[in-house]
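Participant: Got a structure here, written out as structure tokens. Questions coming.
The values are calculated or read from the model by the stated rules, or taken from the named source; none is laboratory data. Just so it is clear, the model here is predicted, and its values are computed rather than measured. Here Cβ is always computed from backbone atoms with ideal geometry, including for glycine, and neighbour counts include all displayed protein chains. To get the accessible areas, we keep the full protein, side chains included, count just its heavy atoms, and leave off ligands, DNA and RNA. Shrake-Rupley method; radii C 1.70, N 1.55, O 1.52, S 1.80 Å.
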Amino acid sequence: MLLPIPRRLPLLWLLIFAWTSHTQAPAASHSSTAKVLLIASYHPTDMWTQGQIAGMLETLEQRYDPFVDISIEYLYSRIPRDQSYIQRIRERIAQEYAHSPIELVITLDNVAFEFMRSHGNQLFPDSPVVFSGLNNFNPSWLDGRSNYVGIIEEQYGMADTLKLALDLIPQTEKLLIVSDRDQEIDYYLAQNQKQVPWEKFDPTTVESWESLRHTLDSHSSPSIIYLDTFSRDASGGLIDYREVIRTLKTSKHPIFASGQRYIGQGIVGGRINNAHVHGQNAAQIALKVMDGIAPADIPVANQRSLQDHFDYQQLIRFGLNTSDLPDGATIINLPAEPYKKYLSYFLAALLFIIVQMILIALLVFNIRRRKATQLELEKAKTEAEAANAAKSEFLAIISHEFRTPLNAILGFAQILEIEKDPQEQERYLHLMRSNGDQLLYLIDNLLNYIYYGQGNVKLQHGLHKLQSEFSDLRDSLQSKAEQKGLQLEFRSNNIPPVAKVDWPKLREIFTNLLDNAIKCTDAGSVTLEAHAEFTYDEKWTLHVTVTDTGCGIPDDELHRLFEPFTQADTSRTRKVEGVGLGLAICRRLVKALQGTIECQSQEGQGTRFQVTLPISVPIEEPESLTL
């Protein structure tokens, strides 16, 4: 009979279902499935029983030849029953498997073994039996039963654990044993030469676990508590071992146990029966029988499945040293190594620092970006204000410059209407023509600047006699210089006879420079110097310098000298006329001619402009030249 699945055994029943599901497809090498009946002495929730079954299924699952169909029966032997209970179980099993031949029977622990000894010949007369977890084994139990084989536990865990505890705490004066069994205690006393007074406490007779703890703590002498495995209390109800250990672990005496369920729950430790290993070993014998080996040919195994387990926290609590433990002992709840103990804190701190650094970096980046944006806005604002101021200055200057010749022309025209003297009329006409030329010069400068600013500088190179062209340029401005009492000088050196240049553009450049020099000079001279240089790469360079002895230019104004509508003196009382476009036009023309223009000035002593331009000089002088 397959019992309902307890919820606390998901792994166990998952393995059982895995095995039973295999019955849907027969093995390739067998025509039928091997049927195995497993009879357990205790109930399904017993941890020792669970461990044995899990170990068996794990081992059997690895073998698919023959395929196994396992049924499990529980005898619930730890529950008080009358004599008729076993008889009812025998009758039910006989009815359950009357038409389902069992090829192998596996018994877990002594009660199930005794059940098969008493009723096996009637229930399964031809089936071999493999027993597991058999205590206090007597070879006579197998007399007349050649089909019985299995694993025995020659020494019970209680005896080993008590011996271990006494070796670890030799000053112990009394053993306090919490158990509902007597045979294991008798076995311990028979095996141990070191006799220590002991007292047994039957869990089926205690009022409560709290009262039991007070009773145990009432012993003032150094004592050890041994906690056995049991399943029923005084009323016959199932005992929750977790409640038991939760209450007793606060006792002042160290607790030892041989039940695996207590490890890590508050006991110091013990020589623990490993039910899982025990079940694996029993399954290995079962596989031999299922492979066809006669049980009589397989010796009964005396394989111990005890392992030493200790809880580090409880060892420290009772002042026990780990160095005193047996070799190979397993210790749980060991403190982590310092770097492991604080590794999570370190990683958390490191992560926090990294996040903070990222946030700070983002904040700094955002602040810098905002500052850069703010600086750009301030720069744009400054430039806009400067452009607006320049526009206002330009409008003021051009208004003044245009009105001066216009007013003169209109004034002289009105005088001519009433003047009858021919000589005076001629003088007024001359003045009108002079002011008209001045107005035309201003308009030409403005239009040229706009024209050149649109990239419309078209070069027209031709052959010219530079010496002659410079002389004519000087002569054209000689009268203007003489009107101010200035000397206009021209000097030349190494000027080639003929050069291919765009002289109209050069004339405009040098005319603007000389005109500005004359305007800015009240006394002294204006000098035009020109010389050509034959460079190492066999090219000619023309150097032209315009020097005056005028007022000079302040240092803080030099950087904006070539900007449009710019003059060193922009006040309405300035002495120099013009709209401030001449030098801006010069720079654009020089740039178009692939040359350079520089200015050097010292306030109060004069100014020097130097223009450097590449020129082309023919090897032979042509017959016809552009004059």
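Participant: Quick one: which residues, 5 or more positions from L38 or on another chain, have an amide H under 5 Å from its amide H? H modelled 1.01 Å from N in the peptide plane, none for Pro or chain starts.
Facilitator: Distant-sequence amide H within range of L38: S71, I72, E73, I106.
Participant: Right, something else. Rank by packing, highest mean first: peptides 603-609, 350-356, with packing defined as the count of other Cβ atoms within 10 Å averaged across residues.
Facilitator: 603-609, 350-356
Participant: Still on this structure: So which lysines pass the test for K480, namely a Cα distance under 18 Å, with those fewer than 8 places away in the same chain ruled out?
Facilitator: Hits, sequence-local ones excluded: K519, K575.
Participant: Sticking with this one: Once ligands and nucleic acids are excluded and a 1.4 Å probe is used, how much of L362 is accessible, expressed in Å² to the nearest 10?
Facilitator: 100 Å²
Participant: Please report, to two decimal places, log10 I(q)/I(0) for the range 94-168 at q = 0.25 Å⁻¹ as given by the Debye formula with identical point scatterers on the Cα atoms and no solvent.
Facilitator: The Debye formula, applied to the Cα set alone, gives -1.16.
Participant: Let me ask something else about it. Can you work out ³J(HN,Hα) from phi for every residue in the range 253-265, in order, using Karplus 6.51 cos²θ - 1.76 cosθ + 1.60 and θ = phi - 60°, giving whole Hz and x for Gly and Pro?
Facilitator: These are the phi-based 3J(HN,Hα) values: 9, x, 10, 10, 7, 10, x, 5, 5, 8, 5, x, 9 Hz.
Participant: Would you list, by chain and number, the lysines whose Cα falls below 19 Å from the Cα of K465, excluding same-chain residues fewer than 8 positions away?
Facilitator: K500, K505, K539
Participant: Let me ask something additional. Skip the ligands, DNA and RNA, and give the accessible area per residue of the range 68-183 with a 1.4 Å probe, whole Å².
Facilitator: Solvent-accessible surface per residue comes out at 43 Å².
Participant: Quick one: grab Rg to one decimal and Dmax as a whole number for the range 237-388, Cα atoms only, in Å.
Facilitator: That works out to 34.1, 118 Å for Rg and Dmax.
Participant: Another question, if that's okay. Give the accessible area for Y74 in Å² (nearest 10); use a 1.4 Å probe, count only protein heavy atoms, and leave out ligands, DNA and RNA.
Facilitator: 10 Å²
Participant: Which ³J(HN,Hα) values in Hz, rounded to whole numbers, follow from the phi angles of the range 383-391 under the Karplus curve 6.51 cos²θ - 1.76 cosθ + 1.60, where θ = phi - 60° and Gly and Pro get x?
Facilitator: Using θ = phi - 60°, the values come out as 5, 5, 5, 5, 5, 5, 5, 5, 5 Hz.
Participant: Could you work out what % of the accessible surface of the range 483-522 is carbon and sulfur, using a 1.4 angstrom probe and leaving DNA, RNA and ligands out of the count?
Facilitator: 43 percent
Participant: Which ³J(HN,Hα) values, rounded to whole Hz and listed in residue order, are derived for the range 465-481 from phi using the Karplus coefficients 6.51, -1.76 and 1.60 in 6.51 cos²θ - 1.76 cosθ + 1.60 with θ = phi - 60°, glycine and proline given as x?
Facilitator: Karplus-based 3J(HN,Hα) across the range 465-481 equals 8, 5, 4, 5, 5, 5, 5, 5, 4, 4, 5, 5, 10, 4, 5, 5, 5 Hz.
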